[in-house]
Amino acid sequence: MFNRAVSRLSRKRPPSDIHDSDGSSSSSHQGHKSTAKWAASLESLLEDPEGVKRFREFLKKEFSEENVLFWLACEDFKKTQDKNQMQEKAKEIYMTFLSNKASSQVNVEGQSRLNETILEEPHPLMFQKLQDQIFNLMKYDSYSRFLKSDLFLKHKRTEEEEEEPPDAQTAAKRASRIYNT
């Protein structure tokens with residue numbers, strides 16, 4: 001179930017579902033300048049499915065992908081309405097990320113860890129404090145390294161090359177040849 005939620009969250013949304021903060025559709029520049037959006041803030045990166053995908057790739061190489069997976073699972077959990085589903089997801093989040101036997105344990109402060117008894121009466125914000133800790137860990141640690149990573153910089157260069165009109169390259173080469181002779 002958790003993996004389905006992560007894959008749903010990291011899937012690319014159709015252009016009609018993507019809107020800028022002013023409400024206008026941004027499908028015309030979805031593929032272009034996404035790195036500029038990602039570089040604006042971690043929040044912007046996490047709102048973009050392609051940004052999440054690239055960030056996960058980076059975190060996987062750093063052996064800390066569980067941080068973004070936990071954050072995504074908490075976001076999904078907060079949207080859960082059904083009490084039974086909420087209880088099921090809470091247990092899954094706990095067993096996957098927070099328990100001492102967790103397969104993908106996140107690094108949160110000891111006193112912030114949840115007691116398993118809280119899982120019996122789940123509520124949408126029960127993981128908020130832990131999610132905030134992980135968000136700040138990513139924001140002040142992984143995210144800044146991501147922006148300097150080869151993965152991000154290569155994607156940025158590819159975007160810039162796609163945006164550059166073909167005539168601009170030839171004009172620059174011609175000018176270079178003229179001035180270098």
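The values are calculated or read from the model by the stated rules, or taken from the named source; none is laboratory data. Remember, predicted model here, so these are calculated numbers, not experimental data. Cβ coordinates were reconstructed from backbone atoms using ideal geometry, including for glycine residues, and neighbour counts include every protein chain displayed. Only protein heavy atoms, including side chains, enter the accessible area calculation; ligands, DNA and RNA are left aside. Shrake-Rupley method; radii C 1.70, N 1.55, O 1.52, S 1.80 Å.
Of the residues making up segment 125-158, those that are among the hydrophobic types (A, V, I, L, M, F, W, C) and open to solvent by less than 70 Å² (accessible area, probe 1.4 Å) are 126, 127, 130, 134, 135, 137, 138, 146, 147, 151, 152, 153. Collect the residues in segment 63-93 that are of a type outside the set (Asp, Glu) and closer than 13 Å to residue 128 by Cα, keeping them in residue-number order. 70, 71, 72, 73, 74, 77, 78, 79, 90, 93 - these are the residues of segment 63-93 that are of a type outside the set (Asp, Glu) and closer than 13 Å to residue 128 by Cα. A search for C-beta distances below 9 Å between a residue of segment 43-64 that is without any contact (Cβ under 8 Å) to a residue 12 or more places away in the chain and at positive phi and any residue that is assigned to a helix (DSSP H, G or I) and aliphatic (A, V, I, L, M), counting only pairs 6+ apart in sequence or on different chains, returns nothing. For segment 83-91, the condition holds for at least one residue, the condition being that it is open to solvent by less than 50 Å² (accessible area, probe 1.4 Å), in contact (Cβ under 8 Å) with a residue 40 or more places away in the chain and more than 23 Å from residue 141 (Cβ to Cβ).
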